[in-house]
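Here's the structure we're looking at; comments come further down.
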Amino acid sequence: MNAAASGAHLSEVYPTLPFEPVGGEGVYLEDAAGRRVLDLYAGHAVAALGYRHPRLVEAVAEQARTLFFQSNAVPLRVRDEAAQTLADFAPEPLERVFFVNSGAEANENALRLALKLTRRTGVVAVEHAFHGRTAAAGAVTWPPGKSWYGFPRTPMDVAFVARDDVAALRAAVDDRTAAVILEPVQGLAGAYALSPEFCRAARKACDETGALLILDEVQTGIGRLGAPFGADLLGIAPDLLTTAKGLAGGLPAGAVLMRQEVASELGSGSLGTTFGGGPVTCAAITAVIDTIRREGLLDRVRAVSAQIRASCRVGPVRSVHGMGFLLGLVTGPPAAAVRDALLERSILTGTSVDPHVLRLLPPLILDDEHAARLAAALGDLDDATL
Ligand code: PLP
């Protein structure tokens with residue numbers, strides 16, 4: 001193996017799986033030897049349309065040929081179109097969009113906006129949450145202290161409340177609270193959905209105290225739950241919503257969506273980014289959302305998700321939770337052992353912080369035959385061999 005192939009110059013911060021894709025088509029990845037692997041993980045939920053989707057490939061190629069890059073220093077029609085398409089897809093009051101490059105950057109900006117606009121210093125977050133690896137996003141990530149990524153202190157005061165504990169939430173949110181931040185379904189934690197009552201209580205507590213509600217839909221947004229956003233399913237309107245991952249189907253992209261009242265308090269130059277809102281990424285964003293609509297992918301996510309829930313409680317799987325295509329398969333043996341056994345059978349899945357939850361985050365184009373293949377592979381496994 002030569003130095004490049006062995007990763008001799010990459011910092012060794014990631015454990016990697018024993019499969020090296022060189023190409024992909026639809027929901028399949030392929031290695032240099034021609035082995036095809038069914039991808040139920042989509043690169044941490046990013047490849048929303050799978051691989052080589054013609055609409056996405058053509059939109060990116062066409063934009064690359066026309067104008068590869070320009071920053072926010074100039075207006076761009078392709079950026080306006082992406083913002084319009086995203087705002088139309090999002091729940092109603094979220095009319096304004098600020099494009100960034102990642103989930104952490106989206107959360108960093110949303111938190112900063114909340115602190116700035118309310119002139120308060122506190123944020124309430126939920127135990128087991130994951131919001132990213134930058135200073136503010138890390139500060140609202142569970143567990144406290146351990147997740148500050150080496151920063152000696154947090155940039156704001158953070159209080160964590162237990163999942164679904166409405167009384168604790170009410171007690172924690174007061175007139176010093178700038179924002180409550182929550183994921184409708186906690187992704188990295190293991191696909192744990194927060195109860196609608198808890199999320200609605202967060203909206204109410206914010207209304208009563210003047211705090212802003214931030215929904216982190218970095219993982220749950222862009223159709224992953226079988227609705228455009230988790231906010232649609234919960235029937236609550238956040239003041240700020242962050243999204244990323246599937247947004248551009250594979251190019252680095254994030255967005256902060258906000259109500260008009262929030263946007264109108266921002267002065268020119270109050271937020272900034274070099275790469276966010278670049279033309280190729282924006283062309284991809286429009287193509288992803290158009291494709292979700294045109295191909296009826298939200299209906300498909302709901303139907304195939306129901307099939308997985310009904311058929312995959314077999315072999316090492318004790319129960320299935322989560323929503324849409326953010327599913328947690330609760331395993332008797334360690335989830336990592338189940339993931340490895342599935343990969344030997346050419347099915348790629350993921351794990352989570354919960355050692356007994358195998359996470360599925362497939363491309364939104366997954367169909368019933370693929371789900372049947374997963375159920376059959378799981379049925380072939382048993383606890384004793386894992
Ligand atoms: N928020 C949530 C809910 C996430 O799942 C993630 C990433 O997994 C992030 C934020 C951070 O996103 P990124 O890795 O793009 O910075």
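The values are calculated or read from the model by the stated rules, or taken from the named source; none is laboratory data. Keep in mind the model is a prediction, meaning the values are calculated, not measured. So basically every Cβ, Gly included, is an ideal-geometry build from the backbone, and we count neighbours across all protein chains shown. Heads up: the accessible areas ignore ligands, DNA and RNA and are worked out on the full protein's heavy atoms, side chains in. Shrake-Rupley method; radii C 1.70, N 1.55, O 1.52, S 1.80 Å.
Fully extending the segment from ASP382 to GLU197 would add 62.9 nm, taking 0.36 nm per residue of separation and subtracting the current Cα-Cα distance. Entry comment: accessible area of the chain is 44 Å² per residue, from protein heavy atoms only and a probe of 1.4 Å. The string of couplings for the range 326-333 from the Karplus curve (6.51, -1.76, 1.60, θ = phi - 60°) is 10, 10, x, 9, 7, 10, x, x Hz, one whole number per residue in order, with x for Gly and Pro. Under the membrane-span-like helix rule (DSSP H runs whose alpha carbons stretch at least 27 Å along the helix axis, mean Kyte-Doolittle hydropathy -1.0 or higher), the chain yields none.
So, with a 1.4 angstrom probe, what is the percent of accessible area on the range 40-119 that is carbon and sulfur? Carbon with sulfur: 53 percent of the solvent-accessible area. Compared with the direct C-alpha span, the chain from SER319 to GLN70 gains 84.8 nm at full extension, assuming 0.36 nm per residue. Distances between placed amide hydrogens fall under 5 Å for ALA193 paired with GLN186, GLY322, all partners being 5 or more residues away or on another chain.
Taking a sphere under 12 Å around the Cβ of ARG35 and counting the other residues whose Cβ falls inside, with K and R at +1 and D and E at -1, yields a net charge of -2.
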